[in-house]
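**Q** I have a structure I would like to understand better, so I am pasting it below and will then ask my questions one at a time.
The values are calculated or read from the model by the stated rules, or taken from the named source; none is laboratory data. As the structure is a computational prediction, the values presented were derived from the model and not from experiment. Glycine gets a Cβ as well: all are built from the backbone with ideal geometry, and neighbour counts include every protein chain shown. All accessible areas refer to the heavy atoms of the entire protein, side chains included, with ligands and DNA or RNA removed. Shrake-Rupley method; radii C 1.70, N 1.55, O 1.52, S 1.80 Å.
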Amino acid sequence: MTVTARSFAKINLGLYIGPLRPDGYHDLRTVYQTIALHDVLRVSVGKGSGIEIYCADPRVPCDESNTCYRVAEQVMDVLRAKGKVTIEIEKRLPVQGGLGAASSNAVATLIALERALKKPLSQPARLRIAAEVGSDLPMFLVGGTVLGVGRGEEVYPLPNLPATPVVAVTPDAGVSTPKAFADWDQLTHSEASDRLMEVGRVLSAWLGSPNTGAPARGRSRAGSPLLDLVRTGIENDFEKVVFPQYPDLRDIKGALERAGALYASLSGSGSTLYGLFSTRAAAARAVGRLQKQGLRAVATVTLTRQQYWKKSLVASR
Ligand code: C5P
């Protein structure tokens, strides 16, 4: 049986980096948000043994270093399943783009593999496998708007925010996340724990505000809780180390703002920048304008938790 799954991307609505921990990771606080841009994965289990990955994009490794491989290995092991796992990745999302594509591919593999084997894992087992393979994986087991703490792997579903139009701009160059964290260490030293205190204040103010949760009937999207969140002044700390090294990315953020974004930011460590818009029409106008400037811009929309799960599994045959 082949199971086809959409592997959705995420953006980060604010990302605060704390001190370097003894285990080599950084404590962080972020709000993840799933969006409709996606890769497509086809996962099947046949006769034989082993794990094979196929992807036409040469930037995607097809060996054990691929997060899909590592997840598939663990799922087969935990479920004591036998067979040859084949994973085909149809790459549409940028590589090293800050949209969590590799992590999302791995979680889509996990979900599709369970379906192909007709053997479900428990939610704690899923979360454990995901967290072991990478910090950004567990959020894709929740979907929608998700608070990420710890090294990003400790996830909590946040109130479901209404669908909001997004424009994503993907530059050619990718950014290495471990290098961006190392650069952050060089830049900061002692202020790191203050950053975590600051985001704590911002998020509690937002969560305690009457605007959090479902929008009141008739209220415009411009007054949505998601936009209220970004208006609290949340920031992505990676901009402080990535923009000086890649000045083009700072310029793209400016271009998104000039094209009408109500909020624009780097996603994760980049290199993707996104803007939030009040209407689909405004997002479409911005895409036209940014493309005229030679930028790879696409319009998309945020996905609520329900939409994320409804659209994730496409077909089994
Ligand atoms: O968890 P993941 O494998 O995606 O992390 C890749 C690398 O990014 C880690 O080895 C570490 O260098 C860095 N990282 C970090 N702090 C985090 C997450 C990742 O320093 N919270």
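**Q** Would you mind computing, in nm to one decimal, how far apart the modelled labels at Gln293 and Lys82 are, each placed 7 Å from Cα along Cα→Cβ?
**A** 5.9 nm
**Q** Springs between alpha-carbon pairs under 10 angstrom, Gaussian network model over the chain: which of Gly254, Gly294, Gly100 fluctuates most?
**A** Among Gly254, Gly294, Gly100, the largest mean-square fluctuation in the Gaussian network model of the chain belongs to Gly294.
**Q** How far apart, in nanometres, would the label points at Ala125 and Leu196 be if each is projected 7 angstrom from Cα along the Cα-to-Cβ direction?
**A** About 3.2 nm, to one decimal.
**Q** Now, a different point. Using a simple charge model, +1 on the beta-carbon of Lys and Arg, -1 on the beta-carbon of Asp and Glu, nothing else, what dipole does segment 2-160 show about its Cα centre, in debye to the nearest 20?
**A** 480 debye
**Q** For a test of the definition: using alpha carbon positions, the gyration tensor, and the 1.5 limit on a/c, classify segment 165-301 as rounded, prolate or oblate.
**A** Judged from the Cα gyration tensor, segment 165-301 comes out oblate (a/c at least 1.5, b/c at or above a/b).
**Q** Could you please put Trp184, Trp309 in sequence from largest to smallest accessible area, using a 1.4 Å probe?
**A** If we order Trp184, Trp309 from most to least accessible, we get Trp309, Trp184.
**Q** Would you list, by chain and number, the lysines whose Cα falls below 19 Å from the Cα of Lys179, excluding same-chain residues fewer than 8 positions away?
**A** Lys240
**Q** Using each residue's phi in segment 2-7, evaluate 6.51 cos²θ - 1.76 cosθ + 1.60 at θ = phi - 60° and report the 3J(HN,Hα) Karplus result to the nearest Hz, with x for Gly and Pro.
**A** 9, 10, 9, 9, 8, 10
**Q** Here is a further query. If you take the alpha carbon radius of gyration of the chain and divide it by 2.2 N^0.38 Å, what ratio comes out, to two decimals? Working shown, then result.
**A** Numbers: Rg = 19.3 Å, N = 317, 2.2 N^0.38 = 19.6 Å.
Against the compact-globule rule of thumb, the ratio is 0.98.
**Q** Which value in deg cm²/dmol, rounded to the nearest 500, describes the helix-derived mean residue ellipticity at 222 nm for the chain, given -39,500 (n - 2.57) per DSSP H run of n ≥ 4 and division by the residue count?
**A** Calculated from helices alone, the mean residue ellipticity at 222 nm is -11500 deg cm²/dmol.
**Q** Normalised by the number of residues in the chain, what is the relative contact order in percent for Cα pairs under 8 Å and 6+ residues apart?
**A** Working: 682 pairs, mean separation 83.4, N = 317.
Reported as a whole number, the value is 26 percent.
**Q** Here is a follow-up. Applying 1/(1 + (r/R0)^6) with R0 = 25 Å to the Cβ-Cβ distance of Glu132 and Ser176, what FRET efficiency is obtained, to the nearest 0.05?
**A** Calculated value: 0.75.
**Q** Related question: Working with all protein chains in place, sort Cys55, Cys68, Cys62 by solvent-accessible area computed with a 1.4 Å probe, largest first.
**A** Descending accessible area places them as Cys62, Cys55, Cys68.
**Q** Another question about this same structure. Can you pull the percent of segment 2-160's accessible area that's carbon plus sulfur, 1.4 Å probe, other chains left in place?
**A** 52 percent
**Q** To continue, here is another question. Hey, can you grab everything whose amide H is under 5 Å from the amide H of Ala36? Only 5+ residues off in sequence or another chain; H modelled, so Pro and N-termini drop out.
**A** Val301, Leu303
**Q** So which trypsin sites (Lys or Arg not before Pro) in segment 78-116 pass both tests, a DSSP loop state and at most 15 other Cβ atoms within 10 Å of the Cβ?
**A** Arg80, Lys82, Arg92
**Q** Now a separate question. Residue separation times 0.36 nm, minus the C-alpha to C-alpha distance between Ser209 and Trp309: what's the value? Let's see the in-between values first.
**A** Values: separation 100, 0.36 × 100 = 36.00 nm, distance 2.76 nm.
33.2 nm is the gain from fully extending Ser209 to Trp309.
**Q** Can you tell me the accessible area per residue over the chain, all protein chains present, probe 1.4 angstrom, in square angstrom?
**A** Working: 13920 Å² over 317 residues.
That works out to 44 Å² per residue.
**Q** Past the 21 Å Cα-Cα mark, which pairs from Lys10/Lys292; Lys10/Lys119; Lys91/Lys119; Lys91/Lys253; Lys10/Lys310?
**A** Details: Lys10/Lys292 26 Å; Lys10/Lys119 27 Å; Lys91/Lys119 27 Å; Lys91/Lys253 25 Å; Lys10/Lys310 16 Å.
Lys10/Lys292; Lys10/Lys119; Lys91/Lys119; Lys91/Lys253, as the Cα separations exceed 21 Å there.
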